[in-house]
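A.B. asks: Dropping a structure here in structure tokens format, bear with me for questions.
Just so it is clear, none of the values below were taken in a lab; they were calculated from the coordinates. Keep in mind that this is a model prediction, so the values were computed, not measured. Cβ: placed from backbone, ideal geometry, glycine included. Neighbour counts: every protein chain shown.
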Amino acid sequence: MRIVVPRETAPDERRVAMAPGIVKRLVAGGASVAVESSAGLGASFTDDEYREAGADIVADSSDLFRSADVVGKINMPGVRDDGFDEIAAMPSGAVCIGMLQPYGNAPALTRLAEQGVTAVALELVPRTTKAQRMDALSAFSTIAGYAGVIRGADELGKFFPMLTTAAGTIAPSRVFVLGAGVAGLQAIATARRLGAVVEAFDIRPVVKEQVESLGARFVDWTDSDSERETEGGYAKETTEAEQEQIRQLLSDRIAASDLVITTALVPGRPAPKLITEDMVRGMRAGSVIVDFAAEAGGNCELTVAGETVREHGVSIMGPLDLAAALPVHGSEMYGRILAALIDHASNEEGAIEVDLDDPILDECVVTHGGKVRFEA
Ligand code: NAD
């Protein structure tokens, strides 16, 4: 099996689909791995490190793609600035694995299908115990949760921890995390490690225990924990009446916070608007909001995707690159996830063989046999 790792070409992307460590393990297991020259530089992995790990370094993009049984990408393949068409360069029958953003990428999925490529969208790997080691969303959410708090802390003109100094006592900062999924829980843990007093809210009361085990207070909004999540464990959309009830509860918690982190998402839907302009007006000047949901429309009414805006004395950050932060660890984690998926989809002879009767592959294979098998 020939696994090919091209360089990523999305703007500001510093990650690469495999770090040298996992390449070494795959090569030791009998795979052949080819890495496009300079592919790892953004994450500070040199061609020499990949060579030492047993990879072939390939400078010619056409040669690289043409030789692939498996293409390991982070972002959806496409047409590069120099006109090189990554999808057209893949051989029919190749398996392309990546964060393909299947919800917004119907034309690219059609092209992959027409090319005869089997495409695997890692976002669609089910969130089950068996599929845990293939869960790229959780890996990148963990990174986002950490990076978002660090960025928010940097924007805030205050310490996080309580300090007793010769120049006086400093009260700890108050952090409020809305949405306690994987990113939110990591944000809570990071803010706690930095010494802040942390509160959290989620539409799914089942997360209360997890929030409390991290040393944060859970802001309860209902006694009933039924019917708030889908069978897959994701949040359901809230009704207008529920949203009003929540808005009233959240208003005073937000007003009391120095840093508000919002991570509330409902898969495939616009992000719920949890913070109104009025709530921002109620915050102390100098406070900060980091809106992790900016890409899905934002959890705050004033969020501008990709920018930091200052309104009513509050900084509202809408970063789009949190999951792509920490390119070294991000690439290392992602490579292990790719390797786990390749291993899962391989037969006893070590060749990749996509079995659509497999419950994990059935969910995440989005093109196969010339057809798109995902409703975007
Ligand atoms: P997500 O990114 O889809 O959403 C983030 C959080 O926002 C969720 O906790 C959600 O409940 C919350 N949210 C949605 N609407 C909201 C609203 N109106 N107000 C407040 N909060 C709101 O979530 P995720 O991090 O991908 O996790 C989704 C689920 O998958 C969780 O139950 C998680 O525990 C589970 N999970 C399971 C596994 C596994 O078993 N392998 C791995 C990872 C995650």
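A.B. asks: Would you calculate a helix-derived [θ] at 222 nm for the chain, using -39,500 (n - 2.57) for each DSSP H run of n ≥ 4 and dividing by the full residue count, to the nearest 500?
C.D. replies: Using -39500 (n - 2.57) per qualifying helix, the result is -9000 deg cm²/dmol.
A.B. asks: Any idea which of T303, L341, G40 is furthest toward the positive side of the dipole for the chain, if Lys and Arg beta-carbons carry +1 and Asp and Glu beta-carbons -1?
C.D. replies: Of the options given, the answer is T303.
A.B. asks: On to the next question. Scaled to the compact-protein estimate 2.2 N^0.38 Å, what is the alpha-carbon radius of gyration of the range 301-353, rounded to two decimal places?
C.D. replies: Rounded to two decimals, the normalised Rg is 1.98.
A.B. asks: Would the range 61-193 count as rounded, prolate or oblate if I go by the C-alpha gyration tensor, calling it rounded below 1.5 in a/c and otherwise prolate when a/b exceeds b/c, oblate otherwise?
C.D. replies: Prolate.
A.B. asks: Between E349 and Y234, what is 0.36 nm times their sequence separation minus the Cα-Cα distance? Round to one decimal in nm.
C.D. replies: The E349-Y234 span can extend by a further 37.7 nm.
A.B. asks: Ok, one more. Between E244, E349, E36, where does the largest GNM mean-square fluctuation fall for the chain, given springs only between Cα atoms within less than 10 Å?
C.D. replies: E349
A.B. asks: Compute the Kirkwood hydrodynamic radius of the chain, taking the inverse of the mean of 1/r over all pairs of distinct Cα atoms, and give it in Å to one decimal.
C.D. replies: Computed over Cα pairs of the chain, the Kirkwood hydrodynamic radius comes out at 22.0 Å.
A.B. asks: Can you put M134, M317 in order, fewest other beta carbons within 10 Å first?
C.D. replies: M317, M134
A.B. asks: Identify all lysines with a Cα-Cα distance to K130 below 30 Å; exclude those on the same chain that are fewer than 8 residues away in sequence.
C.D. replies: Qualifying lysines at Cα under 30 Å: K24, K73, K208, K236, K371.
A.B. asks: Please give the Cα centre distance for the range 271-302 versus the range 49-72, rounded to the nearest Å.
C.D. replies: That distance is 44 Å.
A.B. asks: A further question follows. Determine how many Å³ per residue the convex hull of the Cα atoms of the range 243-358 encloses.
C.D. replies: Dividing the Cα hull volume of the range 243-358 by its residues yields 143 Å³.
A.B. asks: What is the packing order of peptides 267-274, 208-215, 327-334, taking the mean over residues of other C-beta atoms within 10 Å and listing the highest first?
C.D. replies: 327-334, 267-274, 208-215
A.B. asks: Once Rh for the range 142-324 is found with the Kirkwood sum over Cα pairs, what is the Stokes-Einstein diffusion coefficient at 10 °C and 1.306 mPa s, in µm²/s?
C.D. replies: Stokes-Einstein gives a translational diffusion coefficient of 98 µm²/s.
A.B. asks: Could I ask something else about it? Could you work out how much longer the chain between A106 and I170 gets when fully extended? Use 0.36 nm per residue separation minus the Cα distance between them, nm to one decimal.
C.D. replies: 17.8 nm
A.B. asks: What is the Å³ per residue value for the convex hull set by the Cα atoms of the range 1-100?
C.D. replies: 86 Å³
A.B. asks: Calculate the dipole size of the chain relative to its Cα centre from +1 charges on Lys and Arg beta carbons and -1 charges on Asp and Glu beta carbons; express the result in debye to the nearest 20.
C.D. replies: Value, rounded to 20: 980 debye.
A.B. asks: Roughly what % of DSSP beta bridges within the chain run antiparallel, to the nearest 5?
C.D. replies: Taking every DSSP beta bridge with both residues in the chain, the antiparallel ones total about 30 percent.
A.B. asks: Mean Kyte-Doolittle of at least -0.5 plus a Cα span of 24 Å or more along the axis: flag which DSSP H helices in the chain meet both, please.
C.D. replies: The qualifying helices are 136-155, 327-344.
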